[in-house]
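Attaching a single structure in structure tokens format; questions to follow.
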Amino acid sequence: MTRRGWFSGVMLVLGLIFLYVPIASMVVYSFNASRLVTVWDAAHSPTLKWYGVLFSDGQVLHAAWLSLRVALSASTISSVLGLMAGIALARFGPFRGRSLLLGMTTAPIVMPEVISGLSLLLLFIALERAVGWPHGMGMSTLILGHVSFCMAYVTVVIQSRLAGFDQSLEEAAMDLGARPVRVFWAITLPLILPAVVSGWLLSFTLSWDDLVISEFVAGPGSSTLPMVIFSKVRLGVSPDVNALATIMVSIVATGVVVAAVWMRRRQRRSERDAQLAAAANL
Amino acid sequence: MDGVQDRDLTVPMVESRSQEAIPEPAYLRLEGLSKRFGEFVAVDAVSLEIARGEIFCLLGGSGSGKTTLLRMLAGFERPSAGRIWLDGQDLSAVAPHDRPVNMMFQSYALFPHMSVEKNVAFGLEQERLPRQEIRARVAEMLEIVQMSRYTGRRPHQLSGGQRQRVALARALVKRPKLLLLDEPLAALDRKLRERTQFELLNIQQRLGVTFIVVTHDQDEAMTLATRMGVMDHGRIVQVGAPAQIYESPANRFVADFIGSVNLIEGRVTEAGSGTVLIRSEAPACAIRAVCTLPCTIDDTVWVALRPERIQLQQAQHEGAAVENGLSGRVRDIAYMGDVSICLVEAGATLMRVTVPNSSGVLAHIARHDEVRLGWNASAPVVLLK
């Protein structure tokens, strides 16, 4: 027991170091006054200098704003499409072309991103020649490109949620006189909303940090944030990238903590309800 | 739960359950109803007539087609052939949301994101009734199922018995012409089940709604049903009052499915004047039985003997084998409280005998004792198939 406790304790510490030291060092160096990333300037640190530089950098701000708009649109569109695809796959029975739909919606998950990006690029170019749209690459092609792979994830999330969903709830609503459309809005959607939300969040994250596909489908002047970071790093790591990364990490961490606290509260409440019901049973 | 709920249990049930003849015309009529899933025939040309106000139980094992039949009545499955007539209206092609039929699901299917009140009101809201009327009818219905104190609760805050009541209220509040109940008591524990059974009967009589209950539990079917239909492989093999089905099963399947039974295969050696004599090899005995079926000498028949119709005695006098009796050795005795179940070895066959513990017979009989089994000529039921 003690032997195993000692062993797993060490492994836990090593695991945490492996996971968090890179992030922690990045955060620490974002407060470094020195221009050289690898040298700690003890005399002038810590400083918020690089955060200031970051917020006066038009390129970064522009890219962040573009990334935000692309991520919001892409995740919303893919949530709607993924919801429809998920419902079709989980509820419409073995219709003609079901396995094709299943294969095509989940293909982007296993397809190498370079291939997806290249084929999207070729498609957009061919489309522009044939019908005159899109006019060059830009935000619309970015959104479409991101939707093409985000939708796959939403579909999988929704479909698995619907598979574990008691179908008699929908039948009961129908039995009580609700038409299919009404059943969807009153019963199905409220009950799978958590899955839709998590699909949306997943899409947002994927779209926000996608680099490979964006490289293919972005046009001149429409660089997303990951593209800007990547191009900056290629010229040598500049300290303001550390600051930018720190901001992104703290946003994500806040989100995760809030979600965890909310989940725990919900769990406590349902435990209390279950106890209440058990007491009523006596 | 609490004492309030016991108050209505004393409504006399016996008189109102004696309605056996179906008044014409039938309220619900199924004509050659079938359902095939590919090659598999789930329901096979079922024809059935049910009177208004009846509690009809469909009893069968898993895969017997009883649930598919119920789902066709609700409209969730489209019949492959046949018609459904309810109160003069052909329901066969009517969508589930337009049928004057409601269903209580086995899982209750209460909407988890709605309060008790909202759950019950859902059906009325679909009819776009005035808000006042909805509130009044929901309150009235919750009063009937004694759930008025819990209107604001969510389903997960209720116990199993309370959920069952809400599900019942939700299905009844639309005043359906027909209420379908899918294993209504299966999710309740034994004590609660018994009490709920009587409450269900009570509510049914108050509202006069026709019930169709699907169950695999024969006790449930026996206590609830005015009539029941036993299903096997998609067909209804016998329809009748519970006592009729128990006392005179139509075939071996029904005899074996309802209650426990000793089935003995034998040959007719004497026939005529209302009784037959049947000789059996395993166990070796001669059975004289009252029989009105057309059987002739040398026919192979089966005899169903209910364990409680057999008398158990100590083997005192070794007599020659008389009719309606056989000798054996007690292999096991299981004490069940009110009765004891004895397994008696007669040759290679095991006979099951139930003995009321109050009779005192078992005071002198222990395991491995030689015993004698006997029965009256009215006890055995002769079955041709």
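Check each of the trypsin sites (Lys or Arg not before Pro) in segment A:63-97 and keep only those in coil by DSSP with at most 16 other C-beta atoms within 10 angstrom; list them in order.
Taking segment A:63-97 and a limit of 16 other Cβ atoms within 10 Å, the loop trypsin sites (Lys or Arg not before Pro) found are A:Arg96.
List the residues of segment B:69-85 for which accessible area in the full set of protein chains is at least 40 Å² lower than for the chain on its own; 1.4 Å probe, protein heavy atoms only.
For segment B:69-85, once contacts with the other chains are taken into account, B:Phe76 lose 40 Å² or more.
While we're here: Past 29 Å, Cα to Cα, is the threshold; run B:Lys118/B:Lys177; B:Lys66/B:Lys118; B:Lys35/B:Lys191; B:Lys35/B:Lys118 against it and keep the listed order.
Numbers: B:Lys118/B:Lys177 22 Å; B:Lys66/B:Lys118 31 Å; B:Lys35/B:Lys191 37 Å; B:Lys35/B:Lys118 35 Å.
Violating the 29 Å limit, Cα to Cα: B:Lys66/B:Lys118; B:Lys35/B:Lys191; B:Lys35/B:Lys118.
Can you pull the percent of the protein assembly as shown's accessible area that's carbon plus sulfur, 1.4 Å probe, other chains left in place?
Working: 20580 of 34280 Å².
The computed percentage sits at 60.
For segment B:234-272, list residues with backbone N below 17 Å from a point placed 7 Å from the Cα of B:Thr296 toward its Cβ?
B:267-272
Ok, one more. With a 1.4 Å probe on protein heavy atoms only, work out how much accessible surface A and B bury together, total over both chains, in Å² to the nearest 100. Before the final figure, lay out each step's value.
Numbers: alone 17760 and 18880 Å², together 34280 Å².
Its buried surface, counting both partners, is about 2400 Å².
Could I ask something else about it? Under a plain spin-label model, where a point goes 7 Å from the Cα along Cα-to-Cβ, how far apart in nm are A:Ser160 and A:Val252?
Once both label points are built, they end up 2.0 nm from each other.
Averaged per residue, what accessible area in Å² does chain A show with a 1.4 Å probe, protein chains only?
On the way: 16530 Å² over 282 residues.
Ligands and nucleic acids excluded, the result is 59 Å² per residue.
With a cut-off of at most 10 other beta carbons within 10 Å, and DSSP calling the residue loop, which chymotrypsin sites (Phe, Trp or Tyr not before Pro) in segment B:199-278 qualify? Please list them.
For chymotrypsin sites (Phe, Trp or Tyr not before Pro) across segment B:199-278 that sit outside H, G, I, E and B with at most 10 neighbouring Cβ atoms in 10 Å, the list is empty.
Then there is this: Got a sec? Which residues in segment B:175-195 would a label at B:Asp87 touch, if it sits 7 Å along Cα→Cβ and we count backbone N under 14 Å?
Answer for segment B:175-195: B:175-180.
What is the distance in Å between the Cα centroid of segment A:1-33 and that of segment A:119-158?
Taking the Cα centre of each part, segment A:1-33 and segment A:119-158 sit 41 Å apart.
Once each part is reduced to its C-alpha centroid, what is the distance from segment B:82-135 to segment A:164-199 in angstrom?
15
May I pose another question? Which GluC sites (Glu not before Pro) in segment B:240-332 pass both tests, a DSSP loop state and at most 14 other beta-carbon atoms within 10 Å?
Numbers: sites: B:Glu247, B:Glu265, B:Glu270, B:Glu281, B:Glu308, B:Glu318, B:Glu323; in loops: B:Glu281, B:Glu318.
Hits after loop and neighbour filter: B:Glu281, B:Glu318.
Counting only other chains, what is the mean number of Cβ atoms within 10 angstrom of the Cβ of each residue in peptide B:152-159?
Working: counts 0, 4, 3, 2, 5, 8, 5, 7.
The mean count of partner-chain Cβ atoms within 10 Å per residue comes to 4.
Tell me, what is the percent relative contact order of chain B, built from C-alpha pairs under 8 Å that lie six or more residues apart?
Numbers: 774 pairs, mean separation 56.6, N = 385.
That works out to 15 percent.
Among the aspartates and glutamates, which fall within straight-line cross-link reach of A:Lys49, defined as a Cα-Cα distance under 18 Å, with same-chain neighbours fewer than 8 residues apart omitted?
The qualifying aspartates and glutamates are A:Asp41, A:Asp57, A:Asp240.
Here's a follow-up. Using a 10 Å cut-off around each Cβ of peptide A:163-170, what is the average number of partner chain Cβ atoms that fall inside?
Working: counts 0, 0, 0, 5, 3, 8, 8, 1.
The shielding value for this peptide is 3.
How much length would be gained if the chain were fully extended between A:Leu14 and A:Thr38, taking 0.36 nm per residue of separation minus their Cα-Cα distance, in nm to one decimal?
My answer for the length gained is 6.3 nm.
Averaged across orientations, what area in nm² does the convex hull of the alpha carbons in segment A:57-241 project?
On the way: hull surface 52.1 nm².
Seen from a random direction, the Cα hull of segment A:57-241 projects 13.0 nm² on average.
Same structure, new question: I'd like the antiparallel share, as a percent to the nearest 5, of DSSP beta bridges with both residues in chain B.
Values: 62 of 82 bridges.
Bridges in chain B are about 75 percent antiparallel.
At 1.4 Å probe size, with every protein chain present, just tell me what the per residue accessible area of chain B comes to in Å². Provide the component values of the computation, followed by the final result.
On the way: 17750 Å² over 385 residues.
The answer is 46 Å² per residue.
Hey, can you rank B:35-41, B:54-60 by average C-beta count inside 10 Å, highest first?
Numbers: B:35-41: 12.0, B:54-60: 25.4.
Ranking the peptides B:35-41, B:54-60 by packing returns B:54-60, B:35-41.
Let me ask another. Normalised by the number of residues in segment B:175-293, what is the relative contact order in percent for Cα pairs under 8 Å and 6+ residues apart?
Details: 137 pairs, mean separation 16.9, N = 119.
Over segment B:175-293, the number comes to 14 percent.
Right, next: Using each residue's phi in segment B:132-142, evaluate 6.51 cos²θ - 1.76 cosθ + 1.60 at θ = phi - 60° and report the 3J(HN,Hα) Karplus result to the nearest Hz, with x for Gly and Pro.
With the stated coefficients, segment B:132-142 comes to 4, 5, 4, 4, 5, 5, 5, 4, 5, 5, 5 Hz.
So for segment A:57-241, averaging the separation of alpha carbon pairs under 8 Å that are six or more residues apart and normalising by length, what relative contact order in percent results?
Details: 208 pairs, mean separation 72.5, N = 185.
Averaging sequence separation for qualifying contacts and normalising by length gives 39 percent for segment A:57-241.
Further, regarding this structure: Given a Förster distance of 30 Å, report the FRET efficiency between A:Ser56 and A:Ala24 from their Cβ-Cβ distance, rounded to the nearest 0.05. All intermediate terms of the calculation are to be shown ahead of the outcome.
On the way: r = 27 Å, r/R0 = 0.89.
The pair A:Ser56/A:Ala24 has a calculated efficiency of 0.65.
Arrange the peptides B:374-384, B:229-239, A:34-44 so that the one whose residues have, on average, the most other Cβ atoms within 10 Å appears first. Provide the component values of the computation, followed by the final result.
Numbers: B:374-384: 17.9, B:229-239: 20.9, A:34-44: 11.5.
For the peptides B:374-384, B:229-239, A:34-44, the packing ranking is B:229-239, B:374-384, A:34-44.
On average, how many beta carbons from a partner chain sit within 10 Å of the beta carbon of a residue in A:12-24? Present the calculation step by step, with values, prior to reporting the outcome.
On the way: counts 0, 0, 0, 0, 0, 0, 0, 0, 0, 0, 0, 0, 0.
Mean shielding by partner chains, rounded to a whole number: 0.
Additional query: Provide the per-residue ³J(HN,Hα) series for segment A:86-93, in order, calculated from phi with Karplus coefficients 6.51, -1.76, 1.60 and θ = phi - 60°, each as a whole number of Hz, with x at glycine and proline positions.
Karplus-based 3J(HN,Hα) across segment A:86-93 equals x, 5, 4, 6, 8, 10, 8, x Hz.
Rounded to the nearest 500, what is the protein assembly as shown's calculated 222 nm mean residue ellipticity when only DSSP H runs of at least 4 contribute -39500 (n - 2.57) each, over all residues? Provide the component values of the computation, followed by the final result.
Numbers: 20 runs with 302 residues, N = 667.
Calculated from helices alone, the mean residue ellipticity at 222 nm is -15000 deg cm²/dmol.
So, R0 is 22 Å and r is the distance between the beta-carbons of B:Glu265 and B:Leu343; what FRET efficiency does that work out to, to 0.05?
On the way: r = 19 Å, r/R0 = 0.87.
Efficiency, rounded to the nearest 0.05: 0.70.
Tabulate in residue order the Karplus-calculated ³J(HN,Hα) for segment B:194-203, using 6.51 cos²θ - 1.76 cosθ + 1.60 with θ = phi - 60°, rounded to whole Hz; enter x for Gly and Pro.
4, 5, 5, 3, 5, 5, 4, 4, 4, 5
Relative to the longest principal Cα axis of chain B, at what angle does helix B:116-126 sit, 0 to 90 degrees, rounded to 10?
Compared with the principal axis, the helix lies near 70 degrees.
The values are calculated or read from the model by the stated rules, or taken from the named source; none is laboratory data. In this text the structure is predicted, and so the values were computed from the model without any measurement. Note that we place each Cβ from the backbone using ideal geometry, even for glycine, and neighbour counts take in every protein chain shown. These area figures cover heavy atoms from the full protein model, side chains too; ligands, DNA and RNA do not enter into them. Shrake-Rupley method; radii C 1.70, N 1.55, O 1.52, S 1.80 Å.
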